[in-house]
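Worksheet for the structure shown next.
The values are calculated or read from the model by the stated rules, or taken from the named source; none is laboratory data. Owing to the predicted nature of the structure, the values given are computational and were not obtained by experimental measurement. Every residue, glycine among them, receives a Cβ derived from its backbone with ideal geometry; neighbour counts consider all protein chains shown.
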């Protein structure tokens, strides 16, 4: 049986598990919100702890907090940021909309650790000095998202781009049939397809970085409603200086802090850019699945690495499991983005009341995309093989190659040649030899698939 101790808050006594580092307000939240079993993610808790650390430094710099108390808070924060006591943050994502429960959970754990180490620290009076849940949690959303994008997602996308770059150089002269509307079109190279994906990732990363710039502006110092009540008028600037010294980032203080508390526009924008990354990964995944389809009755342009048996009943079947995983991640991210967009509309007067959902979803989206990008690079892009003979044969039989004859014989005559090639199943060059005045050598030059991938005339 669990042993309890009695803790007290403004509502009265609460039974708290004897060994828990949290206090009464955390326990009330645990009791009130047994909703999903999904707790606020560690990266978000770390962001709140980082806010507390910077706030303690700022308050001490302003002579509001005694140096020993500051040191005790900072030491407790550093302990938590090393990953210790992860089990002391049990509150469900679906809690009070301001995230007050999570803010107080962090306050109570820090105060408990500091007091146990020998300095009497109060969760509200000391750890929460010059703060409110209403500015701490929006600030933590910004901090967690920026830090994760920079340390997890951008490096993962860079790794994926690098893998694509290596393969596109290798396959820059490997010609295949292009497709529009899923129908045969003019030839392209496999390298050009891979470069397209890489350029998509470049664009997605640029938009991510722009979204990070917006998130660098923090509402910390706005306290309860954005006015800064109970905070020193220099607190916000001192807080940002301390935070930047610790994180080595370039956070700034929002001039009008109301906008970062009553609205979450910058977070919604970041969510949208994460959705954009998901769209790029979905495009790549679906193209890979089509290119790999077969191996007998599909396109069979490439063969993805065989990573596991594909069927419990059909021996020898191997499926494109990595692109399928990627597509599911992309789908989940798009769904989470929809939730963030709806949550962004819940800014009622001076406070958005879906902050925990927004913070948790952004963390999940970033981690999912980062992990998936690396898996796609290492277990699909890096190792697929190209069925070159099959590609070359298909390109040579593609009647759409006749498009290159348009400038020479006109669209109508070219269409007649294409129809004949379709009808008889013969290579376009054989039909063109019969129906034009060009020699086979001339036609080989005009219809050279690799030359056609380079575009232009003259």
Practice prompt. Within segment 99-121, count every residue that is surrounded by fewer than 22 Cβ atoms within 10 Å (Cβ to Cβ) and not in a helix (DSSP H, G or I).
Written response: 4
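Against the condition at pLDDT 95 or above, closer than 24 Å to residue 221 by Cβ and surrounded by fewer than 21 Cβ atoms within 10 Å (Cβ to Cβ), how does residue 87 come out, does it pass?
Answer is no for this residue.
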Worksheet, complete the sentence: Note on segment 408-436: residues assigned to a loop (DSSP other than H, G, I, E, B) and modelled with pLDDT under 95 are 425, 426, 427
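Let's see how each residue does on (1) farther than 17 Å from residue 136 by Cβ; (2) over 12 Å from the mean Cα position of the chain (by Cα); (3) modelled with pLDDT of 95 or more:
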residue	(1), (2), (3)
337	yes, no, yes
341	yes, yes, yes
354	no, yes, yes
358	no, yes, yes
370	yes, no, yes
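One line per residue, one yes/no per condition, for (1) surrounded by 13 or more Cβ atoms within 10 Å (Cβ to Cβ); (2) farther than 21 Å from residue 178 by Cα; (3) touching a residue at least 12 places away in the same chain (Cβ under 8 Å):
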position: 402; (1), (2), (3): yes, no, yes
position: 408; (1), (2), (3): yes, yes, yes
position: 416; (1), (2), (3): yes, yes, yes
position: 424; (1), (2), (3): no, yes, no
position: 427; (1), (2), (3): yes, no, yes
position: 434; (1), (2), (3): no, yes, no
position: 438; (1), (2), (3): yes, yes, yes
position: 442; (1), (2), (3): yes, yes, no
position: 448; (1), (2), (3): yes, no, no
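For every residue, the table says whether it meets (1) closer than 13 Å to residue 45 by Cα; (2) modelled with pLDDT under 95; (3) within 23 Å of the chain's Cα centre (by Cα).
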{"residue": "103", "(1), (2), (3)": "yes, no, no"}
{"residue": "110", "(1), (2), (3)": "yes, no, no"}
{"residue": "125", "(1), (2), (3)": "no, no, no"}
{"residue": "129", "(1), (2), (3)": "no, no, no"}
{"residue": "139", "(1), (2), (3)": "yes, no, yes"}
{"residue": "144", "(1), (2), (3)": "yes, no, yes"}
{"residue": "157", "(1), (2), (3)": "no, no, yes"}
{"residue": "165", "(1), (2), (3)": "no, no, yes"}
Worksheet item: Do we find that residue 49 is touching a strand residue (DSSP E or B) at 6+ places or on another chain (Cβ under 7 Å) and in the same structural domain as residue 122 (by TED's automatic domain parsing) in this structure?
Response: no
Fill in: residue 251 modelled with pLDDT of 95 or more, under 23 Å from residue 97 (Cβ atoms) and not assigned by TED's automatic domain parsing to the domain that holds residue 281
no
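Being outside any helix (DSSP H, G or I) and within 20 Å of residue 98 (Cβ to Cβ) is the filter here, so list the residues in segment 25-77 that pass it.
The answer is 33, 34, 35, 36, 38, 39, 40, 41.
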Worksheet item: Which one of these does residue 273 not meet: (1) in contact with a helix residue (DSSP H, G or I) (Cβ under 8 Å, 6 or more places away or on another chain); (2) part of a loop (DSSP other than H, G, I, E, B)?
Response: (2)
Worksheet item: Here is a list of conditions, (1) buried (at least 16 other Cβ atoms within 10 Å of the Cβ); (2) under 22 Å from residue 182 (Cα atoms), and residue 392 meets all of them except one; can you say which number that is?
Response: (1)
Practice prompt. Would you be able to say whether some residue in segment 206-216 is under 21 Å from residue 285 (Cβ atoms) and either modelled with pLDDT of 95 or more or touching a helix residue (DSSP H, G or I) at 6+ places or on another chain (Cβ under 8 Å) (or both)?
Written response: yes
Item to complete: Identify, from the list 80, 11, 64, the residue that is within 29 Å of residue 218 (Cα to Cα) and over 29 Å from the mean Cα position of the chain (by Cα).
Response: 64
